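The values are calculated or read from the model by the stated rules, or taken from the named source; none is laboratory data. As the structure is a prediction and not an experimental result, all values here were calculated from the model. Virtual Cβ from ideal backbone geometry, glycine too; neighbours counted across all protein chains shown.
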Amino acid sequence: MRTATLKPDRRAPTVELRFPKGEKHRGRPLIDFLRKHLSGSIWWNGDAWETNGIGVSPEALLVRWGFTLTAPFESGVTPVSKLSTNRRHVLVRPMLVGRAACQEMLGLSATWDAKRGLFLLPIADICPNGNTPISGVRFSAEAIELARRRHTHTSAPSARLQEALVHASTATSPKDLSRADRDVMVAAVGRLPDWFGIDLFGYQKVGAMAVACGRRLLADEPGIGKCLDGRTLVEVDGDLIRIADLWNQNSAGAYPDQENPDFAELVDVQDKHYQVPSLSTPSGQQTNATVSHLYRQRYDGQMIRIQTRSGRRITCTPQHRFWTSEGWLQAGELSAGSWLSSRGASDQAEQTDGHCSALELAMVRVLAWQIAEGADTHAGSTLDNTDRQALERLRRDFMFICDELSLTSRPTKAQIRSSPHVEGHRPIWKLTLNSRNWIRYQKNNLGIPHGLRSAERFVPHFIMTGPVLLQREFLRHYFAGEAFVSRNAIEVSSASQLLIQQVQLMLSRLGITMNSKATWKWATNGTGIKRQYWRGVIAGQDWDRFASQIGIADGEKADLMHTLAQTPHSESVVNHRSPCMATLRRIESAGVPARRLGPGLRSKPRMAASRQSADESLEILRRIESGELLRAVKEEANGRWKEATIRALSELDGAVLADCIDRMEALCAPGVDWDEVQEVETVHHSGYIYDLVVPETHCYVASGLYTHNTYQSIAAAVLMGASRILVVSPPLAITNWLRELERCGVVAADSTARNFALKVPDKTRKRWVTPPPCRADRPVAVVVSDSLLAQRDGLAPTLTEWSPDVVIWDEAHRGKTYGSKRSEAVLQLTHDCSAAGIAVTGTPMLKSPAELAPLMEFTGQDVSVFGGLRQLLDHTCTLDRYGRLRPSRKGEDWLQERLTGQVMIRRTKKQVSPQLPAKHRYPIYVDAPMASFNKAHKEVNQKIDQWLTQHGAFPDDETILDYASGNLGYISQLRKAAGVCKVPVAEEMIAQHIEQTRTSSGVYSDPLIVWTHHKEVTEALAERVPSIDGAAMIIGGMSRARRDQLIDEFQAGHVGALICSTHAAGVAITLTRCHTMLFVETDWTPGIVVQAEDRAHRTGQTAEQVSIGTLVCKETLDPIVQATLHRKAQFLDATIGGDNSVYVDEDDELTATDVLVNLVQARRETLGA
């Protein structure tokens, strides 16, 4: 007879099942039938079989299976629940329904807590349809109300906005969106306020707007820096200096950039108070700003070289930005015909010349001639010129300087003599200025070394930063010595690019444009070589400005200029233009006649008008805005176009007019000129690139052009109307976040640094940090480490009390495990504050959709997109035989459609860099010596045998599964041994590759990268590297200087093979010299393998293909690792996109847990026999 007796328990009731030994059911042993069909576990308690789970309707099932109930089951039949104290979950006990059946009732979003024997169910999943709770489970009224509120308080974007967001999800520029899409997004969240400290890149504008409109998962793949070539001249403290030289002057204080600590550095120069000319955008007003930091990073890849009509040249990364007539644009978006903002006349030109002593003026005159015409000798300088009177005045100035500075204690000589006369040519006079004390004075006091070559000459710093009078005097005499004057132009030339650009800068401060151009000509120093010179030309209106404002010092050239000024000269050259035509044509398209808008529109179509015409057009637009032009037209005599003009002016959209006036004011802003791009080309750069950090305005002058850099997720929070922003980030990124917030104009505090409180205790010896005080016009922010938030008691409640409006979770994939301390801390804080969440990560999934669960709850898209986590996981996952969530192939398309269509913003590397070569991955099957692997296998078997012996009775399959799940370290031990087995094979392949790629000059045509994963494998290979000629290693613990040296040598082709650990070199370095890789072993996770591959597969890779071989030893766990990579890659490729297919062998279908379970079962059978 079969009987069932209830053993009541408030939390875990059980049922005793009694039946005769050998009892059968449907032709098979009853106990086997029960093990298969019961929802819970079954075990022998010494007297009877006992189970803790039967299934839905336990009594009916037992009766159906032939059991007689000894008494009715009055309790423990239906699962019971209790609202969790965090109010985000309900706790559900399966009771007699059992774990498996209860899981089916609740869905896959219910996570099993084995320690407490209950499920944690997200509150929203109580009511999957938003209203009706799950049947068969008792929920409290309060829990049901909270679930309904979660559904009703979460709304999805409108259909039209959703359509725009679909287009924006992969857009890399606003130009990729239609006007209608942009307008609907602006209508939803508005525009960034004027106080926001930066203007975003095109892709960042789209991303910030889309995040603010509801796409709260920002999952862009990492990009590259926005920096300049080290030779670029930047204007600092009124003078020009190469940005690399500025770095070298301050490099003693360099420290790693927290965002990219492996290959980027920062120098804090706030104490230097470096001033740079800058722009206040979008008004375009010129201002001065202070540099806070210098930045340098290692870079190997494409650079953009830009040349403008005026001769300016700049080389920068493709993402570096410039202030253009269309706003901030990346260098990669520029083309011939683009207009860039350049350094124009400053307020200095409107001020008085200032006061200079006679000594200063005499010194400037001598230096100007020395720079223009001087040739250094061992004792002084000589100057040649046909104008003897000019040289005589210069000789007197020199003697005056020596007397005033007491430089005559040693022999000082200044004399003029004639060079040998050539028939038919004017005589050349030579002035000799000999004074060792003058040489020493120039070096020690003026910073001018003696013996500079022509290409090394420059204008001294005290002149560049001195009063206007000093600069005018220098220019007058420099042009007297160097210039060629004609009716249409004034020309100077020099082998020094820096000198010409310094002269160009001084002239631009006075509103005079000098165009420069590189040219080749024969040297005039007697060497007879042909070399590059830089030619500066002043023409057109600037000829007149130069003649009237500066002129040339007394002499023959001054007389010639005075004569030419009385005669007409070419006016065809107009250097001062404003690219305003597109703005004016917006008004013209509204029906206002072109002739009413100024002289610029009357001529043939073009982008720019003269500055004078643009100023006139701006004044006309102001007259239209005030109504003055409309009144004037009404008073005019009747004409053909009078009525049409009146109608157009009357109906003109005020918003359009106001926008056009703002644009015209920016284009005509004082102190800013516009320079047309003539040529844009892509070049390759390998080495360091540099940048300046300018917190006030975030732009500065480089090669005479205004440039910029910045960040995007903060903008989304601002667009969402946040008043208090909390940033949760990895510890290494804290400093970077504080810097970025400051750049954007948001005051921030670091709650990670010390004790954090809303109010500092009155009596304390500890150092405390408080959040910045709230401001009415802009938000404030607090930055906290995700690790500390999870560990420090009291920090989360304090932040909750501060009550942020928006929480930004940087590197959100670090909280991918639902229920972990890190994810729970962030999710609970966000929930308690009712804050909106923005998740920022480049890898939203590493292997399973289950990793999306915490991110979706954080952003609120669990309900707004999926209707709850249950639908997300039920559609995309399945439970394996061990009760763990695995990706389901059937849900790939469903998930991909929702991720790209409603959830995330993601621009992939393929979209950003389509020119990269293909990857060719292939297996290399090897027969490796198995001694180390067999030894490790034996050790694992011994540990399993020890557990089986201690267990007493032979464990069942469920117990074995629990043991295997908790001891996966045994698999790591076997994987390490498999890697060590392949070391001899790898050594032979490395030596062979080095020999084949070494050229006759000793440089390696295709150096090899060899990747290892485990420390033991890396160390085993390290022991063999010294014996391999041409090989080197990058491993953990290596000094940064040594690692940088190896990278440089590798990129130069001086290292034939570089053995790297994926932990030490898998990220943040560039190794594009290589296009062949060898993986001795790989990681379980596709993302880690891809990161290692991308050290060579990145911008700067010029090979047609990157070949990636992986050693596979069939007798080890290698096939299982490859099969795991295959399963994960298939799902990632189908859902979030990108290149995740890093597997090279897919024959084996076992998982790591399967392998260990099989080992334990095999040992159980062996011991049982």
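Points to keep in mind about this one:
- Selection within region 987-1026 - over 21 Å from residue 1052 (Cβ atoms), in a loop (DSSP other than H, G, I, E, B) and either in contact (Cβ under 8 Å) with a residue 24 or more places away in the chain or outside the structural domain of residue 1047 (by TED's automatic domain parsing) (or both): 1013, 1014, 1024
- Test for residue 886: is it of a type outside the set (A, V, I, L, M) and part of a strand (DSSP E or B): yes
- Looking across 208, 219, one residue alone is within 18 Å of the chain's Cα centre (by Cα) and at pLDDT below 85. It is 219.
- Looking only at region 950-986, and only at residues there that are of a type in the set (Val, Ile, Thr) and in contact (Cβ under 8 Å) with a residue 24 or more places away in the chain, the one that is nearest to residue 1122 (Cα to Cα): 971
- Subset of region 814-825 (residues that are within 19 Å of residue 845 (Cβ to Cβ) and either touching a helix residue (DSSP H, G or I) at 6+ places or on another chain (Cβ under 7 Å) or among the polar types (S, T, N, Q) (or both)): 814, 815, 816, 817, 818, 820, 822, 823
- Hey, residue 837 small (Gly, Ala, Ser) and either assigned to a loop (DSSP other than H, G, I, E, B) or surrounded by fewer than 24 Cβ atoms within 10 Å (Cβ to Cβ) (or both) or not: no
- Some residue of region 92-108 being touching a residue at least 60 places away in the same chain (Cβ under 8 Å), of a type in the set (S, T, N, Q), within 30 Å of residue 142 (Cα to Cα) and assigned by TED's automatic domain parsing to the domain that holds residue 134: yes
- Conditions (1) at pLDDT below 80; (2) surrounded by fewer than 23 Cβ atoms within 10 Å (Cβ to Cβ); (3) closer than 26 Å to residue 240 by Cβ; number of the one not met by residue 705: (2)
- Residues that are of a type in the set (Ser, Thr, Tyr), over 23 Å from residue 321 (Cβ atoms) and either outside the structural domain of residue 780 (by TED's automatic domain parsing) or surrounded by 15 or more Cβ atoms within 10 Å (Cβ to Cβ) (or both) are absent from region 189-208 altogether.
- Region 1092-1118 - residue that is under 25 Å from residue 981 (Cβ atoms) and of a type in the set (S, T, N, Q) and, of those, surrounded by the most Cβ atoms within 10 Å (Cβ to Cβ): 1110
- Residue that is farthest from residue 837 (Cα to Cα) [pool: residues in region 775-821 that are outside any helix (DSSP H, G or I), aliphatic (A, V, I, L, M) and out of contact with any Lys or Arg (no Cβ under 9 Å at 6 or more places or on another chain)]: 776
- All of 41, 75 fail the test of being closer than 19 Å to residue 117 by Cα, among the hydroxyl-bearing types (Ser, Thr, Tyr), in contact with a Pro (Cβ under 8 Å, 6 or more places away or on another chain) and in contact (Cβ under 8 Å) with a residue 12 or more places away in the chain, apart from 75.
- Selection within region 233-245 - surrounded by fewer than 21 Cβ atoms within 10 Å (Cβ to Cβ) and assigned to a helix (DSSP H, G or I): 244, 245
- When residues of region 331-348 are limited to those that are among the polar types (S, T, N, Q) and under 20 Å from residue 235 (Cα atoms), the one modelled with the lowest pLDDT: 348
- Within region 683-699, residues that are more than 22 Å from residue 301 (Cα to Cα) reach partners that are at pLDDT 80 or above and not in a strand (DSSP E or B) with beta carbons closer than 7 Å, at six or more positions or on different chains, in the pairs 693/291; 694/291; 695/742.
- Just so you know, in region 663-699 the residues that are modelled with pLDDT under 75, surrounded by fewer than 24 Cβ atoms within 10 Å (Cβ to Cβ) and under 26 Å from residue 513 (Cα atoms) include one that is farthest from the chain's Cα centre (by Cα), and it is 670.
- Checking the stated criteria, residue 878 turns out to be out of contact with any Pro (no Cβ under 6 Å at 6 or more places or on another chain), β-branched (Val, Ile, Thr) and either assigned by TED's automatic domain parsing to the domain that holds residue 40 or farther than 23 Å from residue 741 by Cα (or both).
- A residue that is loosely packed, with under 14 Cβ neighbours inside 10 Å and charged (D, E, K, R) cannot be found anywhere in region 93-102.
- Any hit, region 63-71, residues being surrounded by fewer than 16 Cβ atoms within 10 Å (Cβ to Cβ) and under 30 Å from residue 143 (Cβ atoms): no
- Hey, residue 495 in contact (Cβ under 8 Å) with a residue 40 or more places away in the chain, small (Gly, Ala, Ser), crowded, with 19+ Cβ neighbours inside 10 Å and farther than 21 Å from residue 234 by Cα or not: no
- On inspection, residue 328 does not qualify as closer than 18 Å to residue 663 by Cβ and modelled with pLDDT of 75 or more.
- Residue tally, condition part of a loop (DSSP other than H, G, I, E, B) and at pLDDT 85 or above, over region 745-756: 2
- Test: residue in region 424-438 that is surrounded by 20 or more Cβ atoms within 10 Å (Cβ to Cβ), at pLDDT 90 or above and more than 22 Å from residue 236 (Cβ to Cβ): no
- Set 900, 843, 830: member being β-branched (Val, Ile, Thr), out of contact with any Phe, Trp or Tyr (no Cβ under 7 Å at 6 or more places or on another chain) and part of a helix (DSSP H, G or I): 900
- Among the candidates 806, 782, the residue that is crowded, with 22+ Cβ neighbours inside 10 Å, over 28 Å from residue 121 (Cβ atoms) and in contact (Cβ under 8 Å) with a residue 24 or more places away in the chain is uniquely 782.
- Selection from region 278-294 of residues that are modelled with pLDDT of 80 or more and not aliphatic (A, V, I, L, M): 290
- One residue stands out among those in region 546-578 that are at pLDDT 85 or above and of a type outside the set (Gly, Ala, Ser): the one that is surrounded by the fewest Cβ atoms within 10 Å (Cβ to Cβ), which is 549.
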